[in-house]
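Asks: Here's a structure for you.
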């Protein structure tokens with residue numbers, strides 16, 4: 001079984017690049033499931049219905065979110081209606097939507113879990129205890145991917161080791177900068193600290209670099225906008241054993257356009 005996980009998709013440029021790149025990848029690599037982090041898909045902050053539909057049309061099947069989950073006004077209703085979107089599971093009880101979903105891939109149940117770290121982000125419920133609880137509810141599912149949306153490498157690494165041998169993959173998102181530490185941990189869990197992003201490569205984390213620099217230099221309020229120009233596509237392909245769900249490999253995918 002082959003799973004493609006696409007890093008944080010930033011704005012319309014990111015959506016468009018997914019639509020251009022993904023069909024070819026699916027033909028070339030025989031992918032069984034496509035998951036993407038879409039928490040920046042609408043104007044760089046959050047996701048709305050139009051962005052979801054654009055990603056589904058491109059071939060994305062499950063969308064995960066993060067700290068910008070609530071930045072679009074129609075997201076709470078969208079999360080209640082669409083089982084293909086999961087927000088961080090460790091939001092407090094009663095929050096709209098769900099933190100995990102189960103789909104079927106090649107005739108087998110596949111569990112997708114979204115978690116959010118707490119260091120330098122919102123002080124949510126404990127992601128370690130929450131993932132333990134979810135896994136306890138699905139003891140018979142062997143194919144499991146966890147999107148750990150977190151700021152620090154240490155918190156992502158901790159989750160990887162915490163779940164080694166218990167899930168198929170732990171992929172890090174949020175920082176938008178791809179790391180080169182992809183590997184299969186000793187007990188069969190594929191891991192990477194950050195997949196990276198899809199969107200303008202000459203901005204700062206996908207946003208217009210001039211505005212970001214002005215904000216940092218002046219400490220005055222500046223409205224950020226998604227950058228334009230050349231784009232990049234970051235993802236990982238994870239190969240899983242059909243029977244056990246253990247990872248047998250993980251490969252980074254990086255595509256980019258040249259120029260400004």
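The values are calculated or read from the model by the stated rules, or taken from the named source; none is laboratory data. Quantities reported herein were computed from a predicted structural model and do not represent experimental measurements. For neighbour counting, all protein chains shown are included, and Cβ atoms are generated from backbone atoms with ideal geometry for every residue, glycine included.
Asks: Of all residues in the range 130-156 being in contact (Cβ under 8 Å) with a residue 24 or more places away in the chain and assigned to a helix (DSSP H, G or I), which is surrounded by the fewest Cβ atoms within 10 Å (Cβ to Cβ)?
Replies: Checked the range 130-156; the qualifying residue surrounded by the fewest Cβ atoms within 10 Å (Cβ to Cβ) is 154.
Asks: All but one of (1) under 16 Å from the mean Cα position of the chain (by Cα); (2) on the phi > 0 side of the Ramachandran plot hold for residue 165, so report the exception by its number.
Replies: (1)
Asks: Same structure, new question: Does the range 1-26 hold any residues that are over 27 Å from residue 108 (Cβ atoms) and surrounded by fewer than 18 Cβ atoms within 10 Å (Cβ to Cβ), and which are they?
Replies: 16, 19, 20
One line per residue, one yes/no per condition, for (1) at pLDDT 95 or above; (2) under 13 Å from residue 206 (Cα atoms):
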site: 12; (1), (2): yes, yes
site: 30; (1), (2): no, no
site: 36; (1), (2): yes, no
site: 42; (1), (2): yes, yes
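Asks: Consider the range 9-50. How many of its residues are under 15 Å from the mean Cα position of the chain (by Cα) and either at negative phi or without any contact (Cβ under 8 Å) to a residue 12 or more places away in the chain (or both)?
Replies: The number of residues fulfilling the criteria is 17.
Asks: Spot the failing condition for residue 102; the list is (1) surrounded by fewer than 16 Cβ atoms within 10 Å (Cβ to Cβ); (2) outside any strand (DSSP E or B), and only one is missed.
Replies: The number of the failed condition is (2).
Asks: Follow-up question, since we're still on this one. Considering only the range 45-89, state which residues are loosely packed, with under 15 Cβ neighbours inside 10 Å and part of a loop (DSSP other than H, G, I, E, B).
Replies: 73, 74, 83
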